[in-house]
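Reviewing the structure listed below.
The values are calculated or read from the model by the stated rules, or taken from the named source; none is laboratory data. Note that the structure is predicted; figures quoted are calculated from it, not measured. Cβ: placed from backbone, ideal geometry, glycine included. Neighbour counts: every protein chain shown.
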Amino acid sequence: MENKSDRRPAILLIYTGGTIGMKEDPVDGTLKPFDFKAVMSEVPELAKFGIRIDSYTFSPLIDSSDVETSLWLDLAILIRDRYDEFDGFVILHGTDTMAYSASVVSFMLKGLGKPVIFTGSQLPIGRPRTDGKENLISAVEIAAAKDENGAPMVPEVCICFNSQLFRACRATKISATGFDAFASPNFPPLAVAGINIKYNRDLIRPVPKIPFKVHTVLDPRVSVLKMHPGMTAQAASDILLGSGTRAVILETYGSGNAISKSWFLDIVREAVAMGKVILNITQCLAGNVDMDVYATGRALKDIGVLSGRDMTTEAALAKLFTMLGEHPDDNETVKARIGTDLRGEITLGTPYLRHINFQTTV
Ligand code: ASP
């Protein structure tokens, strides 16, 4: 219950599930979510920060492999409804799909002026060597941080993991087992937590000059086709020409290259002629699509495939879900706007390069 004379920063801690709050099932030995109060009691250090923490637990708690669009809607609506009560929001979420959820939520929240920080862990919080405590403590501290004018330090949707703060729509999961589970290959971290938390203030986006508003219509009729040698025409056309897709992300090789054989280009041409949005995203972790470098990329550009530049697949999917939802039956507007920078998800000028450290801890 809110106490009006309580001047401490207030954070809403939202628990959706994931390894951070899981426990071993004594019967079958698998990890399953457990009660949130137990998570909090594992981190008594949080009480020392002078931050008021309220919590909200989703029901049922899920492994993030089971995330559906309804969870994103629930999260966005919860933040909207409690926006004025809190200085920031921390979302505990499984790591497997965290980059997808954080990316979608970042596009759903327009004019965001407060921190929304996703975190989780590779080891359950009750385990002696858990990374969950550090991640949770840093996320809460960052969500409550203010600058010298009393404004939120990071008014963005982010992922806080292994002492680094990444912009949500730039982050991707890079390790199934290491504590450094996430990276932001094409954009530097917004903050690094050491003895103190160091903020990269030049990179943090200012509070937008538009009122806070939540976009609640998503259209998930988007698919991802990952290029691979040996792809059959049947597999390509099932995805590109299927009636269930308004947009397809082509996960291409290198700087945006795909099979240059006429059977493949004909299928892509037909998909474009059907009015679908076909977006080129590289399957490389770092670097960007440039369809003018190789003939195989140029052929896609000439057909009408759009460049996703240096966007992650997660950000591209999230952007398409929200844009298609915003523009029902209007793929042309989506095509015209997909290349614009909405949340810092895409580099329109000189790309940042090599902001990645692949040395994972195991
Ligand atoms: N399978 C878990 C999940 O994503 C993994 C994790 O939390 O790290 O919910």
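Of the conditions (1) away from the ligand (no atom under 15 Å from the Cβ); (2) touching a residue at least 12 places away in the same chain (Cβ under 8 Å), Asp81 satisfies every one except a single condition; which number is it?
(2)
So which of Phe212, Phe264 ends up being within 20 Å of the chain's Cα centre (by Cα), over 23 Å from Glu332 (Cβ atoms) and either aromatic (Phe, Trp, Tyr) or at pLDDT 95 or above (or both)? Full working, then the answer.
On the way: Phe264 fails: within 20 Å of the chain's Cα centre (by Cα).
Only one candidate qualifies: Phe212.
On the basis of being more than 24 Å from the chain's Cα centre (by Cα), within 13 Å of the ligand (Cβ to nearest atom) and either surrounded by 15 or more Cβ atoms within 10 Å (Cβ to Cβ) or without any contact (Cβ under 8 Å) to a residue 24 or more places away in the chain (or both), does Thr16 make the cut? Before the answer, list the steps.
Working: more than 24 Å from the chain's Cα centre (by Cα): no; within 13 Å of the ligand (Cβ to nearest atom): yes; either surrounded by 15 or more Cβ atoms within 10 Å (Cβ to Cβ) or without any contact (Cβ under 8 Å) to a residue 24 or more places away in the chain (or both): yes.
It is false that Thr16 is more than 24 Å from the chain's Cα centre (by Cα), within 13 Å of the ligand (Cβ to nearest atom) and either surrounded by 15 or more Cβ atoms within 10 Å (Cβ to Cβ) or without any contact (Cβ under 8 Å) to a residue 24 or more places away in the chain (or both).
Out of all the residues in the stretch 36-69, which are within 16 Å of the ligand (Cβ to nearest atom) and not aliphatic (A, V, I, L, M)?
Listed by number, the residues that qualify are Phe36, Glu42, Thr57, Phe58, Ser59, Pro60, Asp63, Ser64, Ser65, Asp66, Glu68.
Restricting attention to the stretch 100-113, which residues are more than 11 Å from the ligand (Cβ to nearest atom) and either over 18 Å from Leu78 (Cβ atoms) or surrounded by 21 or more Cβ atoms within 10 Å (Cβ to Cβ) (or both)?
Pass one, the stretch 100-113, residues more than 11 Å from the ligand (Cβ to nearest atom): 102-113.
Of everything in the stretch 100-113, those that are more than 11 Å from the ligand (Cβ to nearest atom) and either over 18 Å from Leu78 (Cβ atoms) or surrounded by 21 or more Cβ atoms within 10 Å (Cβ to Cβ) (or both) turn out to be Ala102, Ser103, Val104, Val105, Ser106, Phe107, Met108, Leu109, Leu112.
Give me the residue from the stretch 277-332 that is at pLDDT below 95 and among the polar types (S, T, N, Q) and, out of that set, nearest to Ile259 (Cα to Cα).
Only one residue tops the list, namely Thr296.
Could you please give the count of residues in the stretch 6-42 that are farther than 17 Å from Ala144 by Cα and in a loop (DSSP other than H, G, I, E, B)?
Start the filter on the stretch 6-42 by keeping residues that are farther than 17 Å from Ala144 by Cα, which leaves 15-42.
If we keep only those that are in a loop (DSSP other than H, G, I, E, B) too, we end up with 18, 25-30, 34-35, 42.
So the answer is 10.
Could you grab me the full set of residues in the stretch 163-212 that are surrounded by 18 or more Cβ atoms within 10 Å (Cβ to Cβ), free of Cβ contacts under 8 Å to residues at least 40 places away in the same chain and in a loop (DSSP other than H, G, I, E, B)?
Scanning the stretch 163-212 gives a single hit, Leu190.
Specify the residue that is surrounded by the most Cβ atoms within 10 Å (Cβ to Cβ); the eligible residues are those in the stretch 213-232 that are among the charged types (D, E, K, R) and either outside any loop (DSSP other than H, G, I, E, B) or in contact with a His (Cβ under 9 Å, 6 or more places away or on another chain) (or both). Steps first, answer last, please.
Applying the first criterion (among the charged types (D, E, K, R)) to the stretch 213-232 yields 213, 219, 221, 226.
Now narrow it down to the ones that are either outside any loop (DSSP other than H, G, I, E, B) or in contact with a His (Cβ under 9 Å, 6 or more places away or on another chain) (or both): 213, 219, 226.
Values: Lys213: 12, Asp219: 19, Lys226: 14.
If we take residues in the stretch 213-232 being among the charged types (D, E, K, R) and either outside any loop (DSSP other than H, G, I, E, B) or in contact with a His (Cβ under 9 Å, 6 or more places away or on another chain) (or both), then Asp219 is surrounded by the most Cβ atoms within 10 Å (Cβ to Cβ).
Note down all Cβ pairs under 8 Å where the first residue falls in the stretch 118-133 and is over 13 Å from Leu31 (Cβ atoms) and touching a residue at least 24 places away in the same chain (Cβ under 8 Å), the second is among the hydroxyl-bearing types (Ser, Thr, Tyr) and surrounded by 24 or more Cβ atoms within 10 Å (Cβ to Cβ), and they're at least six residues apart or on different chains.
Hits for this filter: Phe118/Ser101; Asp131/Ser121.
Is it the case that Val224 is closer than 23 Å to Ile77 by Cα, of a type outside the set (Gly, Ala, Ser) and under 18 Å from the mean Cα position of the chain (by Cα)?
no
From the set of residues in the stretch 272-287 that are touching a Pro at 6+ places or on another chain (Cβ under 8 Å) and surrounded by 14 or more Cβ atoms within 10 Å (Cβ to Cβ), which is nearest to Ala336 (Cα to Cα)?
The residue in question is Gly287.
Considering every residue within the stretch 118-132, establish whether at least one is of a type in the set (Ser, Thr, Tyr), within 15 Å of the ligand (Cβ to nearest atom), out of contact with any Cys (no Cβ under 7 Å at 6 or more places or on another chain) and part of a helix (DSSP H, G or I). Even if it seems obvious, please write down each step before you answer.
Here is the first cut: in the stretch 118-132, the residues of a type in the set (Ser, Thr, Tyr) are 119, 121, 130.
Subset that is within 15 Å of the ligand (Cβ to nearest atom): 119, 121, 130.
Retained after the next criterion (residues that are out of contact with any Cys (no Cβ under 7 Å at 6 or more places or on another chain)): 121, 130.
With part of a helix (DSSP H, G or I) added as a condition, the list becomes none.
Checked the stretch 118-132: no residue is of a type in the set (Ser, Thr, Tyr), within 15 Å of the ligand (Cβ to nearest atom), out of contact with any Cys (no Cβ under 7 Å at 6 or more places or on another chain) and part of a helix (DSSP H, G or I).
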